[in-house]
1. Quick one: which residue in THR183, THR137 is in contact with a Cys (Cβ under 8 Å, 6 or more places away or on another chain), crowded, with 18+ Cβ neighbours inside 10 Å and among the β-branched types (Val, Ile, Thr)?
2. Restricted to the stretch 199-244, and to residues that are assigned to a helix (DSSP H, G or I) and surrounded by fewer than 10 Cβ atoms within 10 Å (Cβ to Cβ), which residue is modelled with the highest pLDDT?
3. Quick one: would you say THR79 is surrounded by 14 or more Cβ atoms within 10 Å (Cβ to Cβ), within 20 Å of the chain's Cα centre (by Cα), closer than 20 Å to SER114 by Cα and at pLDDT below 95?
4. Can you find a residue in the stretch 118-140 that is assigned to a strand (DSSP E or B), of a type in the set (A, V, I, L, M) and within 25 Å of SER27 (Cα to Cα)?
5. Going residue by residue through the stretch 86-102, is there one that turns out to be closer than 20 Å to ARG190 by Cβ, surrounded by fewer than 19 Cβ atoms within 10 Å (Cβ to Cβ) and modelled with pLDDT under 90?
6. Within the stretch 137-171, count every residue that is under 17 Å from ALA41 (Cα atoms) and in contact with a Ser or Thr (Cβ under 6 Å, 6 or more places away or on another chain).
7. List, please: which pairs have Cβ atoms under 8 Å, are six or more places apart or on different chains, and start with a residue in the stretch 92-108 that is free of Cβ contacts under 8 Å to residues at least 60 places away in the same chain and farther than 17 Å from LEU208 by Cα and end with one that is of a type in the set (Ser, Thr, Tyr) and assigned to a loop (DSSP other than H, G, I, E, B)?
8. Those residues that are of a type in the set (D, E, K, R), surrounded by 16 or more Cβ atoms within 10 Å (Cβ to Cβ) and in a helix (DSSP H, G or I), I need them from the stretch 186-198; list them, please.
Amino acid sequence: MPYFTTLLAYSRKPEMYDLLKELIRLSALPIKQIQDSFICAIDATGMGTFQLNGGWLKFKHGENKEVSFRNWVKLHAVTDTATNIFLSADITIGKANDSPELEHLMNNIDFPISALTGDKAYCSRKNFEIVSNKGATPYLLFKKNALPNKKGSLIWSKCFKLYTEKPQEYLQIYHKRSNIEATFGALKKRFGDTVHAKTLNGQKTEALLKVLLHNLACLIKTYYEQNIELQFSTETPKAPIKIF
């Protein structure tokens, strides 16, 4: 058996991060059998660390707005609203903006998505275009100052028209976004809402490990409830990774 410090040393390797992202992608593949397309949700949540004073919860609830970003890391994710499985995940420093992460997360999804829901943090014409190019309809919440002019984005004007003329129809899909909040809650309740590693690479690895374990737990539940085959893809990973 390797000594525990050996495992900790590997957890700090940048290569582990890419490996875990690939394993998260593979762990979600069996649920493709459930339906032809999926309604997904995108959001982010913080995970506290043990560096300095304060942390994610204090920053989120306004107790200490001056707290350093090193007090937490941020988990960005896209989840399936039916099974609570993470389809894609990424970890950044605490104060990273949510909007730019949408492109990275969508590029790592191999699933046929019919709709993507997200709050106003992701409201931009670029993000509407990214979701639309993926074959999905974006149900992202518009900001109060949003205007209907498309400025080169036809999907923006179409969604804005639906949002203003048929708000109940639009919001009925949008409110499925609350499912990802429940998914984050389940993840933190089961595996904790903090990471213990001291380095940023270690913290990112630890956070992704929580996501992977959550996926496996949801997969077991889905296996028994819907009688799916645990058939994982035999394709070669997108980018073969060597860490040993």
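1. Answer to the check: THR137.
2. Among those that are assigned to a helix (DSSP H, G or I) and surrounded by fewer than 10 Cβ atoms within 10 Å (Cβ to Cβ), it is TYR224.
3. The answer is no for THR79.
4. No, there is no match, as no residue in the stretch 118-140 is assigned to a strand (DSSP E or B), of a type in the set (A, V, I, L, M) and within 25 Å of SER27 (Cα to Cα).
5. no
6. Counting residues in the stretch 137-171 that are under 17 Å from ALA41 (Cα atoms) and in contact with a Ser or Thr (Cβ under 6 Å, 6 or more places away or on another chain) gives 1.
7. From the stretch 92-108, the pairs are SER99/SER124.
8. Matches in the stretch 186-198: LYS188 only.
The values are calculated or read from the model by the stated rules, or taken from the named source; none is laboratory data. This structure is a prediction, so every number in the text was calculated from the model and none was measured. Glycine gets a Cβ as well: all are built from the backbone with ideal geometry, and neighbour counts include every protein chain shown.
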